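**Q** Dropping the structure in here first, questions after.
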Amino acid sequence: MATKNLLVVESPAKAKTINKYLGKDYIVEASVGHIKDLNKHTLSVDIKNNFQPIYQILKDKKEIIQRLKSRAKDCKSVLIATDPDREGEAIAWHIAEEIRSENPEIKRVLFNEITQKGIREGLQNPRELDENLYYSQQARRVLDRLIGYKISPFVSNALVKKSEKALSAGRVQSVALRLICEREEDIENFEPFVFWNIFATFETKKEKINARLVEFDGKQIKNPEGSKKPMRNENEEDFRKRIEKFLFIQTQEEANEIIKRIKQVDSFVVSKVTKRRVKKTPKPPFITSTLQQEAARKLGFSNKQTMQLAQRLYEGVPVGDEGNIGLITYMRTDSVRVSEDAINSARELIKQKFGKKYLPQEPNIYKSKSANVQDAHEAIRPTDIHRTPESLKGKIDKNLLFLYELIYNRFIASQMLPAEYDQTIVEIKGGNFVFRASGRFLVFDGYLAIYLEDETDENSEEDEEKARLPKVQEDDKLKLHKVEAKESQTQPQPRYNQASLIKELEEKGIGRPSTYATIVSTLLERKYVVLKNKAFVPTELGREVNKTLVKHFSEIFNVEFTAKMEEELDTIAEGLTNYVEVVSKFYEPLTRLLENASKELHHNGITCDLCGAPMVVRVSKYGRFLGCTNYPQCKNTKPLYEVVEKEEPQIAEGVFCDVCGKPMVVRKSKKGEFYGCIDYPKCTGTKPISKFAGKSKFKPIPVPNEKCHKCGSEMLLRRGTKGYFLACSTYPKCNGTKKILKEEAENIIKNKGENS
């Protein structure tokens, strides 16, 4: 009679950690992720049969399934403990389908943390597989496949001359691309307001106080914001209302005239002093999206890197001689809820380490801002509050430690008292002018003793003291020490970075926390966007893809529709709607828009060399290619790259070929950019770009007594990496060159007195 239980998890790392805590009654196996998926080369969705997905076993998982079946047959029960989310539920469902014939005693268990306590609690609360959760994941997968196989080929056909690589559309990916492209468009079309601020320094009896002019001649200054012209989605009336509320100093002449009048004022007096105590409350412990945002800001981690590290911290990492330890709770969550035990542990540590004055009388309880939160899991927190970051130094990888420290400190801070500041606002009046000064200083650091939320908060106590205003009272007389004007201008919204894009997606209800890292990675891998100074910039290809999608499919690739669809998918998990109903609701506009778009596009302008019929992009297991629409009567095909419009190579200023002396251009290969001779393929000279990056360039010297043998124009002395040579001064119109001896070149340089 079988006595053991089979426990199935996703990853070998998690299996290794769990094995530490389970006795001889359990056998732990790993599925190593999904065991089934839709076929890569076909639609794999039976649209006529209620959108039934056609799954197939992944090739590299056949042996794993056989092992799981064999293990299940010899065990009394099977417990599937894949990740506690929709994706994990789908994996569990597929595993159950394959092994049920060997052992029907199957239950689902959830581990929110891979610790002895977390595993014990999970095993004590087994449940049936959640059909609603499974169908919610299936709906996402099917919708993404329908878009990928219906709209992606259309985009490839529409832009066939722009890219030889696969072009794709995605339910959430394309909306994220649209946000990035529209932000770039806003930046390019932005016309700044130029305005002037007037600052004055006043003397008290002992100190000086700096203030800004906020009112003159009974008019309160209201500096401008935004663009000087209407922006995207701003109608004339909204634009007019926005502009009318501004009252500001527009020119330097106007500023100088005001300064002249200020200097003529006889006396200045403190007209009002306002003091108040302000509190800055700690933020809740991390959820998936806020962890990615803060790791990007503070640690410079990409979203993908953050999630990979967090996955390892959750599943367990080797900690010295202790073996694998799960250090954090489950990292895919959008709930800020925390268990009572964890809160009590944090409060006890705060009292011991920081003292009672840092501890609130009652625990801090947080509520999620988003309306469609899945509250299945706690917020991300350390599994053991006594395992401090300091205790892990030298025991785990430094990047794992950095992320753990961020999670640990944020969680402790969330249960501490607010920081407190004394804020003072002073108004100074003289004649028809009112100046204002404000300052604050830290009186109690509270949670700041352990955690600063973001870059803007990194003010030390010393910095706060510098912002402290001198003590003044109402009716105190002040002496004008200095007054000056400073020019400013309005700025467009910054480009999205890894943190701000995720924040925007989350606030607008687009996608799920678990998908954000994948969305960003896909946009970069497809080369729709690039990172420039850590911000997303759309490429020309990305702009073209977005333009095509917005033109033909704006109805489904927009923020409102995508957020609404996200809510619909959540209702499947809650059992309020069913799979077929939700997928049908999306598929109807998809097919309608695709039909209309196809009629408008006709074809891409590429015709078959054999029969003259239009050619379209097709997909095979070997990739994308052009196939005749008259198939199977005509089986003609073409490589896609043959029709892609190639960009003209960019001339590299000051870089010349060592082989023939002609100019070089920037070329691209699989390994990156390099310099290649402009006369390729006649000349195959190349140079690595890095070799010349940042080096000073030799200033060409005219050589009047030398004439170009091709056009008779004056020649210039130029320098390459292998010496000097003469080149026609009319380049690129004429590319004539001539060799010259080193001694002759040195004489020309000496006589002309010019060098690099």
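The values are calculated or read from the model by the stated rules, or taken from the named source; none is laboratory data. All values reported here derive from a predicted model rather than from experimental measurement. Glycine gets a Cβ as well: all are built from the backbone with ideal geometry, and neighbour counts include every protein chain shown. Side chains are part of the model used for accessible areas, which takes the heavy atoms of the whole protein and leaves out ligands, DNA and RNA. Shrake-Rupley method; radii C 1.70, N 1.55, O 1.52, S 1.80 Å.
**Q** For Y26, list long-range residues whose amide hydrogen, built 1.01 Å from N in the peptide plane, is under 5 Å from its own amide hydrogen.
**A** Under 5 Å from the amide H of Y26: N5.
**Q** Given A2, V45, I35, which one lies farthest toward the positive end of the charge dipole of segment 1-80, if we put +1 on the Cβ of every Lys and Arg and -1 on the Cβ of every Asp and Glu?
**A** Value computed over the given set: A2.
**Q** In segment 164-212, which trypsin sites (Lys or Arg not before Pro) are in a loop and have at most 12 other Cβ atoms within 10 Å, using DSSP for the loop call?
**A** K205, K206
**Q** Normalised by the residues of the chain, what does the relative contact order come to in percent, with Cα pairs under 8 Å and at least six apart?
**A** In percent, rounded to a whole number, it is 14.
**Q** Now for a separate question. Would you list D422, D266 from the most to the least accessible area, probe 1.4 Å?
**A** The ranking, largest first, comes out as D266, D422.
**Q** Same structure, new question: When DSSP beta bridges are limited to those with both residues in the chain, what percentage is antiparallel, rounded to the nearest 5?
**A** Given both bridge residues lie in the chain, the antiparallel proportion sits at roughly 90 percent.
**Q** Would you check the accessible area of K503, probe 1.4 Å, heavy atoms only, in square angstrom rounded to 10?
**A** Surface open to solvent at K503 totals about 100 Å².
**Q** In segment 542-655, if the dipole is taken from +1 on Lys/Arg beta carbons and -1 on Asp/Glu beta carbons about the Cα centre, which of T548, L610, V583 is farthest to the positive end?
**A** Result: L610.
**Q** Is the C-alpha gyration tensor of segment 168-297 telling us rounded, prolate or oblate? Criteria: a/c under 1.5 is rounded; beyond that, a/b larger than b/c is prolate, otherwise oblate.
**A** Oblate, because a/c is 1.5 or more while a/b does not exceed b/c.
**Q** Please work out whether segment 34-120 counts as rounded, prolate or oblate from its C-alpha gyration tensor, where a ≥ b ≥ c are the square roots of the eigenvalues and a/c under 1.5 means rounded, while otherwise a/b larger than b/c means prolate and anything else oblate?
**A** It is prolate, given that a/c is not under 1.5 and a/b is the larger ratio.
**Q** Accessible area, 1.4 Å probe, largest first: how do D341, D658 sort?
**A** Greatest to least solvent exposure: D341, D658.
**Q** Give me Rg over Rh for segment 54-210, both radii from the alpha carbons and Rh done the Kirkwood way, two decimal places.
**A** That ratio equals 1.32.
**Q** DSSP loop trypsin sites (Lys or Arg not before Pro) in segment 267-299 with at most 10 other Cβ atoms within 10 Å of their Cβ, which ones?
**A** Listed in order of number, the matching sites amount to none.
**Q** Follow-up question, since we're still on this one. About the Cα centre of segment 473-618, what is the dipole size in debye to 20, counting +1 per Lys and Arg Cβ and -1 per Asp and Glu Cβ, all else neutral?
**A** That gives segment 473-618 a dipole magnitude of about 760 debye.
**Q** Based on the alpha-carbon gyration tensor of the chain and its eigenvalue square roots a ≥ b ≥ c, which shape applies: rounded if a/c is under 1.5, prolate if not and a/b is larger than b/c, or oblate?
**A** oblate
**Q** On the full set of protein chains, 1.4 Å probe, figure out the accessible area of R718 and give it in Å² to the nearest 10.
**A** Here the residue's solvent-accessible area equals roughly 50 Å².
**Q** Further question: For segment 199-295, with the dipole built from +1 on Lys and Arg beta-carbon atoms and -1 on Asp and Glu ones, taken about the Cα centre, which of Q293, A255, N233 lies farthest toward the positive end?
**A** Positive-most Cα among the choices belongs to Q293.
**Q** What do you reckon, how do V319, V659, V338 stack up by accessible area (1.4 Å probe), largest on top?
**A** Highest to lowest solvent-accessible surface, that is V659, V338, V319.
**Q** Further question: Taking the DSSP beta bridges in segment 1-101 as the whole, what percent of them are antiparallel, to the nearest 5?
**A** That works out to approximately 35 percent antiparallel.
**Q** Treating only the Cβ of Lys, Arg, Asp and Glu as charged (+1, +1, -1, -1), what charge dipole size does the chain show about its Cα centre? Round to the nearest 20 debye.
**A** Charge dipole of the chain: 2300 debye, to the nearest 20.
**Q** Also, I was wondering about something else. Of the trypsin sites (Lys or Arg not before Pro) in segment 28-86, which ones lie in a loop per DSSP and count no more than 15 other C-beta atoms within 10 Å?
**A** Here the trypsin sites (Lys or Arg not before Pro) that fit, given the DSSP loop and packing criteria, are K40, K48, K76.
**Q** With charges set only on the Cβ (+1 for Lys and Arg, -1 for Asp and Glu), what does the dipole of segment 163-233 come to about its Cα centre, in debye to the nearest 20?
**A** I would put it at about 260 debye.
**Q** Ignoring everything but the protein chains, give the 1.4 Å probe accessible area of T637 in square angstrom, nearest 10.
**A** 80
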